[in-house]
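Working notes, structure below.
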Amino acid sequence: MWCISDVLKLSEKEHPSEKLAETLVLTVSAMTNRFRRQPGNSKHKIVSDVQSSLESGISACTSEECKQKYLRAFKNLALEDTIPTLLKYAINGTKKTSVAAMKAIRALPVAMWNDTVKKAAERIYFQVGRRCVLPWECSPFT
């Protein structure tokens, strides 16, 4: 547990290397996922600390690459409480960001897919409400 908090502190700092920053964020989320799956650890404070750090990190992002990095971290974390954040980016994000958010949602156990998630997934897949100028722009297979 102390190791997770140390990596979390490192991940919240600025780093000259973007690859190092991404590695730290992905590592802390994967470590937290593994930790919380151990009996008695699911409600531990470090789990909520990591979730809060990821949510504040993605909200501070200005570039799409930054948002995608945090969405990959949410995928590693695989926490049900992150579904509203993932849905927000899946529905309102750019194409790449939306795909990253949907990959994170798809990685969650099926038991976590409530009606809201199912409706949003159908809306995204079938592109309900999307306005298309050309027919091939609305194909779900592009």
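The values are calculated or read from the model by the stated rules, or taken from the named source; none is laboratory data. In this text, all values refer to a predicted model and were calculated from it rather than measured experimentally. No Cβ is skipped: glycine too gets one built from the backbone with ideal geometry, and neighbour counts run over all protein chains shown. Calculation scope for accessible area: heavy atoms of the full protein, side chains included, ligands and nucleic acids excluded. Shrake-Rupley method; radii C 1.70, N 1.55, O 1.52, S 1.80 Å.
Numerical summary
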quantity	calculated
Per-residue SASA entry for ASP81, accessible area with 1.4 Å probe, Å² rounded to 10	100 Å²
Per-residue HN-Hα couplings for the stretch 80-95 [Karplus 6.51, -1.76, 1.60; θ = phi - 60°; Hz; x = Gly/Pro]	4, 5, 8, 4, x, 5, 5, 5, 4, 6, 5, 7, 9, x, 5, 4
Sulfur and carbon atoms: percent of accessible area, the chain [1.4 Å]	56 percent
Rounded to 10°, Cα long-axis angle of helix 2-11 versus longest principal axis of the chain	50 degrees
Relative contact order of the chain, pairs being alpha-carbon contacts under 8 Å that are 6 or more residues apart, as %	17 percent
log10 of Debye I(q)/I(0), alpha-carbon scatterers only, for the stretch 1-61 at 0.18, 0.19, 0.23 Å⁻¹	-0.59, -0.65, -0.91
Extension gain from ASP6 to SER48, taking 0.36 nm per residue of separation minus the Cα-Cα distance	13.6 nm
Per-peptide average of other Cβ atoms within 10 Å, ordering 90-100, 61-71 highest first	61-71, 90-100
Calculated on alpha-carbon atoms, Rg and Dmax of the chain in Å	16.3, 54
CD proxy at 222 nm, helix term only [per DSSP H run n ≥ 4: -39500 (n - 2.57); per residue of the chain; nearest 500]	-20500 deg cm²/dmol
Cα-based reach from LYS96 at 14 Å (exclusive), listing aspartates and glutamates while leaving out same-chain residues under 8 positions away	GLU64, GLU65
Per-residue HN-Hα couplings for the stretch 46-63 [Karplus 6.51, -1.76, 1.60; θ = phi - 60°; Hz; x = Gly/Pro]	5, 5, 5, 5, 5, 4, 4, 5, 5, 5, 6, x, 5, 6, 8, 5, 10, 9
